[in-house]
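Data block below; observations after.
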Amino acid sequence: MKRLALSLLLTMTANAACAEDLKPMKDAGPYVPSPQSVVSDMLRYADVSKDDFLIDLGSGDGRIVLTAAKVFGARGFGVEIKEDLVKRANEAAQKEGVADRVKFMKADLFKTDISQASVITMYLLPDTVNLLKDKFLGELKPGTRIVSHDYPLTGWIPEKYVQMDLEDKVQISGVTTTLIYLYIVPAKVAGQWQVRMPPAVSKQPGTLTLKQQITRVDGSLVLDGKEFPLQEVKLRGENLSFRLAGRSGEYSGVVKGHEITGSNWSATLAQAKK
Ligand SMILES: C[S@@+](CC[C@H](N)C(=O)[O-])C[C@H]1O[C@@H](n2cnc3c(N)ncnc32)[C@H](O)[C@@H]1O
């Protein structure tokens, strides 16, 4: 139902395209503004603050980036293919006194460098959201929050997922259902790591093998010739934690590139999984 309504709108708006609009690699969806209450919820769930750099992919009239700057003190930019919307958003930034912190560019979101973001927001067609998964994993820093209005990144486990009914959505999607998904970009941990555990656990280096499917991680640790399957493995951005089967205690550490540092243990990447 929602897909049908959005596709219908897409056809209508495509016919009304203005000559100065950019021809993108792919049209990621028609201009349908997120209701202001959804904008506020998206930013709250992502815990946006003055330390954040937010990028809205397909920024429409700029409301998400403008609200992030005005209410939460963030910096950022929006990319949008429609000339009049880019102009309107930049004018609003001037008028609302946040033009020193945010800007809007006429650009194709698929070709935009998003590596600067600490928060990504989007309200795009479901297939587009999923086409962006490789870009997110390739360009975004571990720990970057991604907030998607209505459509999930399939195969990713959301950090938070909220469903609500909003009358405002009926004219947009034909139904009141509104969904907000929050994801956190995981560090890349797949491979073999040489581990130094606390001396009480082992005096010899061990081998930690991690298998990763986006946010899901499992594996095992070989210590003194004995293999311990990992249990309750959690990867949230750069923060990894696990337990060892048959042993007490939790191990947690921060992943920075080829090093994992915990309070009483550490690991160095010996061989990344290709
Ligand atoms: C559903 S609207 C969302 C607007 C705004 N983010 C919000 O939530 O209020 C999607 C926007 O993406 C823009 N868009 C579509 N394809 C795009 C592309 N390839 N690059 C940049 N913007 C695009 C559309 O013009 C439209 O304004």
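None of the figures in this text is laboratory data; all of them are computed from the coordinates on show. Remember, predicted model here, so these are calculated numbers, not experimental data. For neighbour counting, all protein chains shown are included, and Cβ atoms are generated from backbone atoms with ideal geometry for every residue, glycine included.
Tell me what the chain gives for mean residue ellipticity at 222 nm when only DSSP H runs of n ≥ 4 count, each as -39,500 (n - 2.57), the sum divided by the residue total, rounded to 500 deg cm²/dmol.
Only helices count here, giving -6500 deg cm²/dmol.
Over the chain, what lengths in whole Å, largest first, do the semi-axes of the equivalent ellipsoid take, defined as the square roots of 5 times the eigenvalues of the alpha-carbon gyration tensor?
42, 19, 17
Once Lys and Arg get +1 and Asp and Glu get -1 on their Cβ, which of LEU131, ILE120, TRP156 lies farthest toward the positive end of the dipole of the chain?
About the Cα centre, the residue reaching furthest to the positive side is TRP156.
Hey, what did segment 62-116 get for relative contact order, percent, Cα under 8 Å, at least 6 apart?
It rounds to 41 percent for segment 62-116.
Measure nothing but the geometry: give the 0 to 90° angle between the long axis through the Cα atoms of 2-15 and the longest principal axis through the Cα atoms of the chain, rounded to 10°.
50 degrees
Quickly work out the GLU20-to-ASP113 label distance, labels modelled 7 Å from Cα along the C-beta direction, and quote it in nm with one decimal.
Calculated label separation equals 2.6 nm.
Tell me, in nm to one decimal, what length is gained between LEU179 and ARG243 on full extension, where the rule is 0.36 nm per residue of separation less the Cα-Cα distance?
Working it through step by step, the gained length comes to 19.7 nm.
Running a GNM on the chain with Cα contacts under 10 Å, which residue among GLY62, GLY262, GLY246 ends up with the highest mean-square fluctuation?
Of the options given, GLY246 has the highest mean-square fluctuation.
I want to check the label-to-label distance for SER40 and GLU96. Put each point 7 Å from Cα in the C-beta direction and report it in nm to one decimal.
Reported label-point gap for SER40 and GLU96 is 1.3 nm.
Quick check: residue separation of LYS133 and ARG88 times 0.36 nm, minus the Cα distance between them. What number comes out in nm?
Length difference between fully extended and current span is 13.3 nm.
Restricting to Cα atoms and excluding each atom paired with itself, what does the Kirkwood estimate give for segment 86-217 in Å?
18.1 Å
Could you work out the relative contact order of segment 94-222? I mean the mean sequence separation of Cα pairs under 8 Å and 6+ apart, divided by the number of residues, in percent.
Dividing the mean separation by the residue count of segment 94-222 yields 18 percent.
Determine the distance separating the Cα centre of segment 64-141 from the Cα centre of segment 180-224; give it in Å without decimals.
34 Å
Residues in segment 225-269 near a label at THR207, defined as backbone nitrogen under 12 Å from the 7 Å Cα→Cβ point?
225-227
Can you run the Rg to Rh ratio on segment 76-137? Use alpha carbon positions and the Kirkwood inverse-distance Rh.
Taking Rg over the Kirkwood Rh, I get 0.99.
Averaging over every viewing direction, what projected area does the convex hull of the Cα atoms of segment 169-274 cover, in nm²?
Hull-based average projected area comes out at 9.0 nm².
In whole angstrom, how far apart do the alpha carbon centroids of segment 35-62 and segment 250-268 sit?
What the calculation gives is 32 Å, centre to centre.
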